[in-house]
Amino acid sequence: MRGLAARIAEDPSATALLGCNLLAVAFAVFHPPITLSVMFLYWAESVVIGAFNVAKICYLPPPLDDGVQLEALTGPQRLFVRSFTPALFVLHYGGFVFICFLMLYSLAGYELRKHGVQQFDFLAYYRGFLWPVLILAVGHGISFYRNFLGKSEFEGRTSQDQMFRPYPRVLLMCVVIFAGCGLVIITGLPTAAVLIFVPFKLLADLRAHFREHAVPETAPTDPRT
């Protein structure tokens, strides 16, 4: 744990992610019900991660057959090959986060019914999360500019490889939070008990952050050249 704290202190992007997460969670604690707030907050973070991944995919060269040069294609062909991979990612990642949202909505409805709440304005409730979601976006934005662009992490990557990079991190996040919150809701534990799972999520997220941004043993060449 001490080693992890030292790595966080030495990495401004990790410090920013941790700070933004703590600020956002602090907001959720004072935005009852806590379980619904924490679940929605981390679901929204998975959407933010996906949005930055679209930017990364667009930055990387599109997949082309051997010997084919992007400059040799016509305008419509170039637009198609550049938009195909981002569109495919949006389609399957969007389906994934939508399924997660349905799970969130179902668990939230179950929790509210257990507390005798029959009518709940979900739209107005979610609008209250604009600032914490923006705070999380800032944290991931710092990581994007400092690591992906600033440290040239795009080198050696293809757009097809980048498509699947968010999944291990986001899947782990969803398992920890949705399983934890679901356990609290179904077993009838106090809603504050959900905060027990937040440190596990943050720890897993930081470890995933360091794995994702680990320096490779050999420096690959820029795939755009």
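Read-outs: derived from the displayed coordinates by stated rules, not from any lab. Please read these numbers as outputs of a predicted model, since none were measured by experiment. Reconstructed Cβ throughout: ideal geometry from the backbone, glycine too, with neighbour counts over all protein chains shown.
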Mind listing the phi-derived Karplus ³J(HN,Hα) values for region 20-33, rounded to whole Hz, using 6.51, -1.76 and 1.60 with θ = phi - 60°, and x for any glycine or proline?
5, 5, 5, 5, 5, 5, 4, 5, 4, 4, 9, 10, x, x
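Could the peptides 90-102, 131-143 be put in order, highest first, of the mean number of other beta-carbon atoms found within 10 Å of their residues?
Working: 90-102: 14.2, 131-143: 18.7.
Descending mean neighbour count gives 131-143, 90-102.
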Using only the alpha carbons, work out the radius of gyration and Dmax of region 81-132 in angstrom.
15.9, 52
Cα-derived Rg over Rh, computed across region 97-169 with Rh taken as Kirkwood radius
1.16
By a straight-distance test (C-alpha under 27 Å), which lysines pair with Lys56 as possible cross-link partners, with residues fewer than eight away in the same chain excluded?
Lys151, Lys201
Residue-normalised 222 nm signal for the chain, counting each DSSP H run of n ≥ 4 as -39,500 (n - 2.57), nearest 500 deg cm²/dmol, is -23500 deg cm²/dmol
